[in-house]
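Novice: First the structure, which I've put down as C-alpha coordinates, then a few questions once you've had a look.
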Ligand code: UD1
Ligand code: CA
(Lines give C-alpha, C1' and ligand atoms only; values in the text may rest on other atoms or scores of the structure.)
(Ligands and ions follow the chains in the order given, each with its own letter.)
Protein backbone atom coordinates (compact mmCIF):
# COMPACT_ATOMS: atom_id res chain seq x y z
CA UNK A 1 0.00 0.00 0.00
CA UNK A 2 1.54 3.32 -1.01
CA UNK A 3 2.11 5.68 1.87
CA UNK A 4 2.60 9.07 0.19
CA UNK A 5 5.28 10.76 -1.83
CA UNK A 6 8.89 10.06 -1.07
CA UNK A 7 11.39 12.65 0.14
CA UNK A 8 15.09 11.82 0.09
CA UNK A 9 17.52 13.30 2.61
CA UNK A 10 21.21 12.77 1.89
CA UNK A 11 23.70 13.22 4.67
CA UNK A 12 26.72 14.72 3.01
CA UNK A 13 28.16 17.24 5.43
CA UNK A 14 31.01 15.16 6.77
CA UNK A 15 34.36 16.94 6.43
CA UNK A 16 35.97 14.10 4.56
CA UNK A 17 39.27 14.96 6.25
CA UNK A 18 40.78 11.62 5.32
CA UNK A 19 40.42 12.38 1.60
CA UNK A 20 43.18 15.00 2.03
CA UNK A 21 41.64 17.12 -0.70
CA UNK A 22 40.53 20.65 -1.45
CA UNK A 23 37.42 19.24 -3.08
CA UNK A 24 34.50 18.43 -0.73
CA UNK A 25 34.37 14.66 -0.35
CA UNK A 26 30.99 14.26 -2.02
CA UNK A 27 32.18 15.99 -5.19
CA UNK A 28 34.86 13.42 -5.93
CA UNK A 29 33.82 11.57 -9.09
CA UNK A 30 33.31 7.84 -9.26
CA UNK A 31 33.26 6.76 -12.92
CA UNK A 32 32.76 10.35 -13.98
CA UNK A 33 29.90 11.22 -11.64
CA UNK A 34 30.42 12.88 -8.26
CA UNK A 35 29.57 10.72 -5.25
CA UNK A 36 26.67 12.95 -4.25
CA UNK A 37 25.17 12.83 -7.74
CA UNK A 38 25.14 9.04 -7.66
CA UNK A 39 22.87 9.34 -4.63
CA UNK A 40 20.75 12.00 -6.34
CA UNK A 41 20.34 9.78 -9.41
CA UNK A 42 19.22 7.02 -7.09
CA UNK A 43 16.63 9.40 -5.65
CA UNK A 44 15.40 10.15 -9.16
CA UNK A 45 15.09 6.42 -9.92
CA UNK A 46 13.12 5.95 -6.73
CA UNK A 47 10.75 8.71 -7.77
CA UNK A 48 11.59 11.00 -4.83
CA UNK A 49 9.66 14.23 -5.28
CA UNK A 50 12.00 16.13 -2.96
CA UNK A 51 15.75 15.66 -2.84
CA UNK A 52 17.51 17.33 0.03
CA UNK A 53 21.24 17.24 0.66
CA UNK A 54 22.76 18.18 4.00
CA UNK A 55 26.08 19.79 3.25
CA UNK A 56 28.92 21.17 5.32
CA UNK A 57 31.70 23.61 4.78
CA UNK A 58 31.97 23.11 1.01
CA UNK A 59 28.38 24.30 0.51
CA UNK A 60 29.16 26.89 -2.14
CA UNK A 61 31.26 24.46 -4.18
CA UNK A 62 28.55 21.81 -3.90
CA UNK A 63 25.84 24.26 -4.90
CA UNK A 64 27.80 25.41 -7.95
CA UNK A 65 28.58 21.84 -9.02
CA UNK A 66 24.93 20.82 -8.70
CA UNK A 67 23.71 23.81 -10.67
CA UNK A 68 26.23 23.14 -13.42
CA UNK A 69 25.27 19.49 -13.66
CA UNK A 70 21.55 20.25 -13.92
CA UNK A 71 20.53 19.40 -10.37
CA UNK A 72 19.12 22.84 -9.69
CA UNK A 73 16.01 21.40 -8.04
CA UNK A 74 18.00 19.78 -5.24
CA UNK A 75 17.49 21.53 -1.93
CA UNK A 76 20.60 22.17 0.14
CA UNK A 77 20.71 22.64 3.86
CA UNK A 78 23.83 23.59 5.70
CA UNK A 79 24.88 21.74 8.81
CA UNK A 80 27.26 24.32 10.23
CA UNK A 81 28.86 21.99 12.73
CA UNK A 82 29.21 18.28 12.13
CA UNK A 83 27.70 16.91 15.30
CA UNK A 84 26.71 13.52 13.99
CA UNK A 85 24.32 11.84 11.58
CA UNK A 86 21.15 12.39 13.65
CA UNK A 87 22.01 16.08 13.90
CA UNK A 88 22.61 16.11 10.12
CA UNK A 89 19.23 14.54 9.30
CA UNK A 90 17.47 16.89 11.70
CA UNK A 91 18.59 19.87 9.60
CA UNK A 92 15.95 18.83 7.03
CA UNK A 93 13.10 19.14 9.52
CA UNK A 94 12.09 22.70 8.63
CA UNK A 95 12.09 21.99 4.90
CA UNK A 96 9.92 18.93 5.41
CA UNK A 97 7.58 20.38 8.06
CA UNK A 98 4.58 19.99 5.80
CA UNK A 99 5.71 16.78 4.10
CA UNK A 100 3.13 14.09 4.67
CA UNK A 101 4.82 10.95 3.44
CA UNK A 102 7.86 8.73 3.77
CA UNK A 103 11.32 10.17 4.22
CA UNK A 104 14.35 8.13 3.25
CA UNK A 105 17.51 9.34 4.97
CA UNK A 106 20.74 7.92 3.66
CA UNK A 107 24.48 8.31 3.84
CA UNK A 108 25.59 10.49 0.97
CA UNK A 109 28.90 8.67 0.50
CA UNK A 110 27.86 5.25 -0.84
CA UNK A 111 28.14 5.42 -4.64
CA UNK A 112 27.46 1.71 -5.02
CA UNK A 113 24.00 1.71 -3.51
CA UNK A 114 21.61 0.08 -5.99
CA UNK A 115 18.17 1.46 -6.77
CA UNK A 116 16.60 -1.99 -6.64
CA UNK A 117 17.75 -2.37 -3.02
CA UNK A 118 15.79 0.71 -2.05
CA UNK A 119 12.76 -0.36 -4.01
CA UNK A 120 12.87 -3.58 -2.01
CA UNK A 121 13.41 -1.60 1.20
CA UNK A 122 10.31 0.47 0.60
CA UNK A 123 8.31 -2.63 -0.26
CA UNK A 124 9.49 -4.29 2.94
CA UNK A 125 8.49 -1.22 4.93
CA UNK A 126 5.04 -1.23 3.38
CA UNK A 127 4.57 -4.97 3.69
CA UNK A 128 5.73 -5.18 7.31
CA UNK A 129 3.87 -1.99 8.23
CA UNK A 130 6.88 -1.21 10.39
CA UNK A 131 7.30 2.30 11.74
CA UNK A 132 10.98 2.37 10.91
CA UNK A 133 12.80 0.42 8.21
CA UNK A 134 16.58 0.13 8.17
CA UNK A 135 18.95 -1.43 5.65
CA UNK A 136 21.36 -4.16 6.69
CA UNK A 137 23.68 -6.75 5.26
CA UNK A 138 25.94 -9.50 6.46
CA UNK A 139 29.68 -8.81 6.07
CA UNK A 140 32.58 -11.23 6.58
CA UNK A 141 34.62 -8.33 7.96
CA UNK A 142 32.23 -5.98 9.76
CA UNK A 143 34.92 -3.86 11.44
CA UNK A 144 34.06 -0.18 11.40
CA UNK A 145 30.34 -0.59 10.81
CA UNK A 146 27.45 -0.16 13.18
CA UNK A 147 26.38 -3.66 14.28
CA UNK A 148 22.77 -4.80 14.42
CA UNK A 149 21.71 -6.25 17.76
CA UNK A 150 18.62 -8.43 17.87
CA UNK A 151 16.54 -9.39 20.90
CA UNK A 152 15.67 -12.90 22.04
CA UNK A 153 12.75 -12.93 19.63
CA UNK A 154 15.04 -12.07 16.70
CA UNK A 155 13.67 -8.51 16.43
CA UNK A 156 16.02 -5.62 15.91
CA UNK A 157 16.79 -4.04 19.24
CA UNK A 158 19.47 -1.48 18.49
CA UNK A 159 22.51 -0.54 16.43
CA UNK A 160 25.84 -0.21 18.19
CA UNK A 161 28.67 1.77 16.63
CA UNK A 162 32.16 0.28 16.46
CA UNK A 163 33.55 2.50 19.22
CA UNK A 164 30.77 1.54 21.62
CA UNK A 165 30.93 -2.21 20.96
CA UNK A 166 31.39 -4.55 23.88
CA UNK A 167 33.93 -7.29 23.14
CA UNK A 168 31.16 -9.88 22.99
CA UNK A 169 29.50 -7.96 20.13
CA UNK A 170 32.53 -7.76 17.87
CA UNK A 171 31.71 -11.04 16.18
CA UNK A 172 28.34 -9.79 14.93
CA UNK A 173 28.43 -9.73 11.16
CA UNK A 174 25.09 -8.03 10.54
CA UNK A 175 25.80 -4.37 9.86
CA UNK A 176 23.91 -1.16 9.26
CA UNK A 177 24.23 0.23 5.74
CA UNK A 178 23.23 3.80 6.58
CA UNK A 179 19.67 4.13 5.24
CA UNK A 180 16.56 4.85 7.30
CA UNK A 181 12.96 5.00 6.15
CA UNK A 182 10.01 6.27 8.17
CA UNK A 183 7.07 8.59 7.87
CA UNK A 184 8.39 12.15 8.07
CA UNK A 185 6.51 13.12 11.19
CA UNK A 186 7.69 10.11 13.18
CA UNK A 187 11.21 10.37 11.84
CA UNK A 188 11.78 13.90 13.09
CA UNK A 189 10.07 13.14 16.36
CA UNK A 190 12.51 10.27 16.92
CA UNK A 191 15.51 12.28 15.72
CA UNK A 192 14.82 14.95 18.31
CA UNK A 193 15.12 12.39 21.05
CA UNK A 194 18.62 11.30 20.08
CA UNK A 195 21.29 12.11 22.68
CA UNK A 196 25.05 12.34 22.31
CA UNK A 197 25.92 10.10 25.27
CA UNK A 198 28.32 7.82 23.42
CA UNK A 199 32.07 7.37 23.15
CA UNK A 200 32.38 9.99 20.39
CA UNK A 201 29.93 12.51 21.81
CA UNK A 202 27.96 12.66 18.55
CA UNK A 203 24.27 12.45 17.77
CA UNK A 204 23.97 9.07 16.06
CA UNK A 205 21.07 8.44 13.72
CA UNK A 206 21.52 4.77 14.53
CA UNK A 207 20.02 5.45 17.97
CA UNK A 208 16.64 5.79 16.20
CA UNK A 209 16.25 2.05 16.44
CA UNK A 210 16.47 1.82 20.21
CA UNK A 211 14.40 4.98 20.71
CA UNK A 212 11.66 3.64 18.44
CA UNK A 213 11.57 0.36 20.34
CA UNK A 214 11.35 2.19 23.67
CA UNK A 215 8.33 4.07 22.38
CA UNK A 216 6.69 0.82 21.34
CA UNK A 217 7.27 1.37 17.63
CA UNK A 218 8.19 -1.46 15.30
CA UNK A 219 11.47 -1.68 13.42
CA UNK A 220 12.10 -3.85 10.39
CA UNK A 221 15.26 -4.47 8.40
CA UNK A 222 15.59 -4.91 4.66
CA UNK A 223 18.64 -6.78 3.46
CA UNK A 224 20.93 -5.58 0.70
CA UNK A 225 22.06 -8.52 -1.39
CA UNK A 226 25.30 -6.97 -2.62
CA UNK A 227 28.12 -6.30 -0.17
CA UNK A 228 29.38 -3.49 -2.44
CA UNK A 229 26.51 -1.35 -1.23
CA UNK A 230 28.26 -1.13 2.13
CA UNK A 231 31.18 0.73 0.63
CA UNK A 232 31.23 4.26 2.01
CA UNK A 233 33.96 6.54 0.69
CA UNK A 234 36.25 8.02 3.30
CA UNK A 235 39.70 7.72 1.70
CA UNK A 236 41.29 7.88 -1.74
CA UNK A 237 41.85 4.12 -1.53
CA UNK A 238 38.12 3.55 -1.03
CA UNK A 239 37.46 5.98 -3.88
CA UNK A 240 39.64 3.87 -6.18
CA UNK A 241 37.96 0.69 -4.95
CA UNK A 242 34.50 2.13 -5.66
CA UNK A 243 35.66 3.27 -9.09
CA UNK A 244 36.90 -0.23 -9.95
CA UNK A 245 33.70 -1.89 -8.71
CA UNK A 246 31.38 0.50 -10.50
CA UNK A 247 33.46 0.28 -13.65
CA UNK A 248 33.07 -3.47 -13.51
CA UNK A 249 29.28 -3.06 -13.37
CA UNK A 250 29.37 -0.70 -16.34
CA UNK A 251 31.63 -3.05 -18.32
CA UNK A 252 29.41 -6.04 -17.56
CA UNK A 253 26.47 -4.09 -18.90
CA UNK A 254 28.36 -3.13 -22.08
CA UNK A 255 29.37 -6.74 -22.69
CA UNK A 256 25.76 -7.84 -22.22
CA UNK A 257 24.92 -5.25 -24.88
CA UNK A 258 27.34 -6.96 -27.28
CA UNK A 259 30.41 -4.78 -26.94
CA UNK A 260 33.76 -6.59 -27.14
CA UNK A 261 36.02 -5.47 -24.31
CA UNK A 262 39.39 -7.07 -24.93
CA UNK A 263 40.31 -6.66 -21.26
CA UNK A 264 37.38 -5.45 -19.13
CA UNK A 265 39.65 -4.68 -16.20
CA UNK A 266 41.52 -2.21 -18.34
CA UNK A 267 38.55 -0.66 -20.10
CA UNK A 268 38.04 2.70 -18.44
CA UNK A 269 34.42 3.56 -19.02
CA UNK A 270 32.31 6.05 -17.11
CA UNK A 271 28.59 6.45 -16.51
CA UNK A 272 26.39 7.67 -19.35
CA UNK A 273 28.28 5.84 -22.09
CA UNK A 274 26.58 3.84 -24.83
CA UNK A 275 28.42 1.56 -27.23
CA UNK A 276 26.98 -0.52 -30.06
CA UNK A 277 27.33 -4.21 -30.82
CA UNK A 278 30.64 -5.61 -31.98
CA UNK A 279 32.56 -2.47 -31.28
CA UNK A 280 35.95 -3.59 -29.99
CA UNK A 281 37.45 -1.58 -27.16
CA UNK A 282 41.16 -2.20 -26.58
CA UNK A 283 42.87 -2.12 -23.17
CA UNK A 284 43.73 1.33 -21.94
CA UNK A 285 41.01 3.16 -23.81
CA UNK A 286 39.27 5.79 -21.67
CA UNK A 287 35.66 6.44 -22.59
CA UNK A 288 34.25 9.25 -20.53
CA UNK A 289 30.68 10.21 -19.79
CA UNK A 290 28.36 11.55 -22.42
CA UNK A 291 29.84 9.40 -25.18
CA UNK A 292 27.83 7.43 -27.73
CA UNK A 293 29.68 5.00 -29.96
CA UNK A 294 27.97 3.07 -32.74
CA UNK A 295 28.34 -0.55 -33.80
CA UNK A 296 31.34 -2.23 -35.38
CA UNK A 297 33.82 0.44 -34.31
CA UNK A 298 37.36 -0.16 -33.20
CA UNK A 299 38.73 1.88 -30.29
CA UNK A 300 42.45 1.27 -29.91
CA UNK A 301 44.74 1.51 -26.87
CA UNK A 302 45.36 4.88 -25.30
CA UNK A 303 42.36 6.57 -26.87
CA UNK A 304 40.50 9.12 -24.72
CA UNK A 305 36.95 10.02 -25.75
CA UNK A 306 34.74 12.44 -23.86
CA UNK A 307 31.29 13.76 -24.71
CA UNK A 308 31.41 12.58 -28.33
CA UNK A 309 29.03 10.85 -30.69
CA UNK A 310 30.56 8.30 -33.05
CA UNK A 311 28.65 6.51 -35.79
CA UNK A 312 29.18 2.94 -36.95
CA UNK A 313 32.40 1.36 -38.26
CA UNK A 314 34.63 4.14 -37.00
CA UNK A 315 38.25 3.22 -36.34
CA UNK A 316 40.04 5.31 -33.73
CA UNK A 317 43.71 4.37 -33.74
CA UNK A 318 46.05 4.54 -30.74
CA UNK A 319 46.63 7.75 -28.86
CA UNK A 320 43.73 9.84 -30.15
CA UNK A 321 41.94 12.37 -27.95
CA UNK A 322 38.33 13.16 -28.92
CA UNK A 323 36.38 15.83 -27.05
CA UNK A 324 32.87 17.16 -27.64
CA UNK A 325 32.80 16.10 -31.28
CA UNK A 326 30.72 14.21 -33.81
CA UNK A 327 32.20 11.50 -36.00
CA UNK A 328 30.03 9.90 -38.68
CA UNK A 329 30.10 6.34 -40.02
CA UNK A 330 33.27 4.96 -41.50
CA UNK A 331 35.74 7.61 -40.34
CA UNK A 332 39.31 6.58 -39.59
CA UNK A 333 41.25 8.65 -37.07
CA UNK A 334 44.83 8.67 -35.89
CA UNK A 335 47.14 7.49 -34.60
CA UNK A 336 47.45 10.55 -32.37
CA UNK A 337 44.72 12.67 -33.90
CA UNK A 338 42.98 15.28 -31.75
CA UNK A 339 39.37 16.36 -32.06
CA UNK A 340 38.58 19.40 -29.97
CA UNK A 341 35.04 20.60 -29.19
CA UNK A 342 32.85 21.26 -32.19
CA UNK A 343 34.60 19.00 -34.66
CA UNK A 344 31.92 17.52 -36.92
CA UNK A 345 33.28 14.85 -39.23
CA UNK A 346 30.90 13.55 -41.87
CA UNK A 347 31.11 10.05 -43.33
CA UNK A 348 34.41 8.44 -44.27
CA UNK A 349 36.62 11.31 -43.18
CA UNK A 350 40.22 10.22 -42.66
CA UNK A 351 42.58 12.00 -40.29
CA UNK A 352 46.12 10.75 -39.84
CA UNK A 353 48.80 11.34 -37.26
CA UNK A 354 49.13 14.70 -35.55
CA UNK A 355 46.04 16.17 -37.11
CA UNK A 356 43.95 18.50 -34.95
CA UNK A 357 40.43 19.64 -35.79
CA UNK A 358 38.44 22.18 -33.81
CA UNK A 359 34.99 23.70 -34.33
CA UNK A 360 34.91 22.67 -37.97
CA UNK A 361 32.74 20.67 -40.31
CA UNK A 362 34.57 18.24 -42.60
CA UNK A 363 32.46 16.89 -45.45
CA UNK A 364 32.18 13.29 -46.56
CA UNK A 365 35.41 11.65 -47.60
CA UNK A 366 37.64 14.61 -46.77
CA UNK A 367 41.11 13.62 -45.64
CA UNK A 368 44.09 15.07 -43.83
CA UNK A 369 46.65 12.36 -43.45
CA UNK A 370 49.47 14.06 -41.60
CA UNK A 371 50.38 17.06 -39.45
CA UNK A 372 47.45 19.36 -40.11
CA UNK A 373 45.48 21.92 -38.09
CA UNK A 374 41.92 22.73 -39.10
CA UNK A 375 40.17 25.28 -36.88
CA UNK A 376 36.91 27.21 -37.40
CA UNK A 377 36.46 25.95 -40.95
CA UNK A 378 33.57 24.76 -43.11
CA UNK A 379 35.08 22.14 -45.35
CA UNK A 380 33.22 20.41 -48.17
CA UNK A 381 33.34 16.84 -49.41
CA UNK A 382 36.37 15.06 -50.80
CA UNK A 383 38.82 17.77 -49.82
CA UNK A 384 42.49 16.80 -49.45
CA UNK A 385 44.73 18.52 -46.94
CA UNK A 386 48.39 17.93 -47.68
CA UNK A 387 50.94 17.27 -44.98
CA UNK A 388 51.53 20.25 -42.74
CA UNK A 389 48.68 22.43 -43.98
CA UNK A 390 47.28 24.87 -41.48
CA UNK A 391 44.06 26.83 -41.24
CA UNK A 392 45.29 29.98 -39.54
CA UNK A 393 42.11 30.83 -37.65
CA UNK A 394 43.49 33.21 -35.07
CA UNK A 395 45.16 36.53 -35.73
CA UNK A 396 46.08 37.14 -32.10
CA UNK A 397 42.84 38.96 -31.46
CA UNK A 398 39.94 37.24 -33.20
CA UNK A 399 39.04 33.81 -34.48
CA UNK A 400 37.61 33.84 -38.00
CA UNK A 401 36.10 31.19 -40.25
CA UNK A 402 37.48 29.66 -43.40
CA UNK A 403 35.42 28.03 -46.14
CA UNK A 404 36.73 25.28 -48.40
CA UNK A 405 34.57 23.91 -51.23
CA UNK A 406 34.12 20.31 -52.36
CA UNK A 407 37.12 18.50 -53.83
CA UNK A 408 39.54 21.34 -53.18
CA UNK A 409 43.18 20.34 -52.79
CA UNK A 410 45.31 22.06 -50.17
CA UNK A 411 48.99 21.54 -50.92
CA UNK A 412 51.55 20.58 -48.32
CA UNK A 413 52.85 23.13 -45.85
CA UNK A 414 50.38 25.82 -46.80
CA UNK A 415 48.71 28.41 -44.58
CA UNK A 416 45.13 29.52 -45.13
CA UNK A 417 44.76 32.89 -43.42
CA UNK A 418 41.20 33.25 -42.14
CA UNK A 419 38.81 34.57 -43.17
CA UNK A 420 39.43 33.11 -46.59
CA UNK A 421 37.53 31.08 -49.19
CA UNK A 422 38.93 28.21 -51.24
CA UNK A 423 36.24 27.47 -53.79
CA UNK A 424 35.24 24.01 -54.98
CA UNK A 425 37.89 22.14 -56.96
CA UNK A 426 40.45 24.87 -56.38
CA UNK A 427 44.09 23.99 -55.77
CA UNK A 428 46.46 25.58 -53.31
CA UNK A 429 50.10 25.19 -54.27
CA UNK A 430 52.41 23.65 -51.69
CA UNK A 431 54.06 26.15 -49.39
CA UNK A 432 51.57 28.92 -50.14
CA UNK A 433 50.24 31.42 -47.65
CA UNK A 434 46.77 32.17 -48.95
CA UNK A 435 44.89 35.28 -47.86
CA UNK A 436 42.57 35.86 -50.86
CA UNK A 437 39.83 33.75 -52.41
CA UNK A 438 41.04 30.97 -54.71
CA UNK A 439 38.31 30.66 -57.38
CA UNK A 440 36.81 27.37 -58.37
CA UNK A 441 39.15 25.25 -60.45
CA UNK A 442 42.08 27.73 -60.12
CA UNK A 443 45.50 27.14 -58.64
CA UNK A 444 46.31 29.59 -55.89
CA UNK A 445 50.01 29.89 -55.37
CA UNK A 446 51.65 32.38 -53.04
CA UNK A 447 55.32 31.74 -52.45
CA UNK A 448 58.60 33.28 -53.57
CA UNK A 449 59.70 32.07 -56.97
CA UNK A 450 62.69 29.75 -57.00
CA UNK A 451 66.05 31.17 -58.07
CA UNK A 452 69.10 28.97 -58.77
CA UNK A 453 72.59 30.41 -58.32
CA UNK A 454 74.95 28.63 -60.68
CA UNK A 455 78.42 27.61 -59.43
CA UNK A 456 77.60 28.64 -55.87
CA UNK A 457 79.16 25.64 -54.19
CA UNK A 458 82.53 26.01 -55.84
CA UNK A 459 82.77 29.65 -54.80
CA UNK A 460 81.69 28.89 -51.25
CA UNK A 461 84.23 26.10 -50.71
CA UNK A 462 87.30 27.47 -52.42
CA UNK A 463 89.09 24.23 -53.26
CA UNK A 464 85.83 22.93 -54.66
CA UNK A 465 85.86 20.36 -51.86
CA UNK A 466 82.97 18.73 -50.14
CA UNK A 467 81.50 20.88 -47.36
CA UNK A 468 82.23 18.36 -44.63
CA UNK A 469 85.92 17.89 -45.49
C1 LIG B 1 27.59 5.31 9.54
C2 LIG B 1 26.67 4.64 10.57
C3 LIG B 1 27.08 3.18 10.71
C4 LIG B 1 27.01 2.48 9.36
C5 LIG B 1 27.86 3.23 8.34
C6 LIG B 1 27.66 2.67 6.96
C7 LIG B 1 26.18 6.43 12.14
C8 LIG B 1 26.38 6.95 13.51
N9 LIG B 1 26.81 5.32 11.84
O10 LIG B 1 28.91 5.27 10.06
O11 LIG B 1 26.21 2.52 11.64
O12 LIG B 1 27.46 1.15 9.51
O13 LIG B 1 27.49 4.63 8.29
O14 LIG B 1 28.55 3.28 6.07
O15 LIG B 1 25.44 7.02 11.39
N16 LIG B 1 27.51 13.21 8.05
C17 LIG B 1 26.95 14.47 8.10
N18 LIG B 1 27.05 15.19 9.24
C19 LIG B 1 27.64 14.73 10.35
C20 LIG B 1 28.23 13.44 10.30
C21 LIG B 1 28.13 12.70 9.14
O22 LIG B 1 26.37 14.94 7.12
O23 LIG B 1 27.67 15.46 11.35
C24 LIG B 1 27.41 12.42 6.81
C25 LIG B 1 28.76 12.05 6.20
O26 LIG B 1 29.17 13.03 5.26
C27 LIG B 1 28.44 10.71 5.53
C28 LIG B 1 27.29 10.15 6.36
O29 LIG B 1 26.76 11.21 7.09
O30 LIG B 1 28.02 10.89 4.19
C31 LIG B 1 27.76 9.04 7.29
O32 LIG B 1 28.68 9.58 8.21
P33 LIG B 1 30.03 8.86 8.56
O34 LIG B 1 30.76 9.66 9.55
O35 LIG B 1 30.75 8.46 7.34
O36 LIG B 1 29.46 7.55 9.32
P37 LIG B 1 30.13 6.16 9.48
O38 LIG B 1 31.15 6.23 10.55
O39 LIG B 1 30.56 5.65 8.16
CA1 CA C 1 31.06 6.56 6.08
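The values are calculated or read from the model by the stated rules, or taken from the named source; none is laboratory data. Computed from a prediction, not measured in an experiment: that's the story for all the values here. Because the Cβ atoms are built from the backbone with ideal geometry, glycine has one as well, and the counts that use them run over all protein chains shown.
Novice: Determine, yes or no, whether residue 108 is touching a strand residue (DSSP E or B) at 6+ places or on another chain (Cβ under 6 Å) and in contact (Cβ under 8 Å) with a residue 12 or more places away in the chain.
Specialist: It is true that residue 108 is touching a strand residue (DSSP E or B) at 6+ places or on another chain (Cβ under 6 Å) and in contact (Cβ under 8 Å) with a residue 12 or more places away in the chain.
Novice: Of (1) without any contact (Cβ under 8 Å) to a residue 60 or more places away in the chain; (2) under 16 Å from residue 104 (Cα atoms), residue 177 satisfies all except one. Which?
Specialist: Just one mismatch for residue 177, condition (1).
Novice: Further question on the same structure: How many of the residues in segment 15-29 are buried (at least 24 other Cβ atoms within 10 Å of the Cβ) and within 14 Å of ligand 2 (Cβ to nearest atom)?
Specialist: 2
Novice: Would you be able to say whether some residue in segment 113-130 is assigned to a loop (DSSP other than H, G, I, E, B) and either at pLDDT below 95 or within 11 Å of ligand 1 (Cβ to nearest atom) (or both)?
Specialist: Scanning segment 113-130, I find at least one residue that is assigned to a loop (DSSP other than H, G, I, E, B) and either at pLDDT below 95 or within 11 Å of ligand 1 (Cβ to nearest atom) (or both), so the answer is yes.
Novice: To continue, here is another question. Got at least one residue in segment 115-132 being closer than 23 Å to residue 235 by Cα and in contact with a strand residue (DSSP E or B) (Cβ under 6 Å, 6 or more places away or on another chain)?
Specialist: Within segment 115-132, none of the residues are closer than 23 Å to residue 235 by Cα and in contact with a strand residue (DSSP E or B) (Cβ under 6 Å, 6 or more places away or on another chain).
Novice: Moving on. Among the residues of segment 78-92 satisfying the criterion of being crowded, with 18+ Cβ neighbours inside 10 Å and more than 16 Å from ligand 2 (Cβ to nearest atom), which is farthest from the chain's Cα centre (by Cα)?
Specialist: My answer is 90.
Novice: May I pose another question? Counting only residues that are within 16 Å of ligand 1 (Cβ to nearest atom), at pLDDT 95 or above and touching a strand residue (DSSP E or B) at 6+ places or on another chain (Cβ under 7 Å), give me the strands (runs of 3 or more DSSP E) lying completely in segment 183-295 with at least 1 of them.
Specialist: Filter on segment 183-295 gives 219-223.
Novice: Then there is this: Show me the helices (runs of 4 or more DSSP H) found entirely inside segment 3-109 where at least 1 residues are out of contact with any helix residue (DSSP H, G or I) (no Cβ under 7 Å at 6 or more places or on another chain), closer than 21 Å to residue 240 by Cα and modelled with pLDDT of 95 or more.
Specialist: Ranges flagged: 35-45.
Novice: Name the one entry in 203, 188 that is within 18 Å of residue 93 (Cα to Cα), within 16 Å of ligand 2 (Cβ to nearest atom) and surrounded by 14 or more Cβ atoms within 10 Å (Cβ to Cβ).
Specialist: Only one candidate passes the filter, namely 203.
Novice: Against the conditions (1) without any contact (Cβ under 8 Å) to a residue 24 or more places away in the chain; (2) near ligand 1 (Cβ under 9 Å from one of its atoms); (3) touching a strand residue (DSSP E or B) at 6+ places or on another chain (Cβ under 6 Å), where does residue 151 fall short? Just the number, please.
Specialist: (2)
Novice: Of the residues 84, 43, 47, 72, which is within 9 Å of ligand 1 (Cβ to nearest atom) and either under 22 Å from residue 272 (Cβ atoms) or assigned by TED's automatic domain parsing to the domain that holds residue 200 (or both)?
Specialist: From the options 84, 43, 47, 72, the qualifying one is 84.
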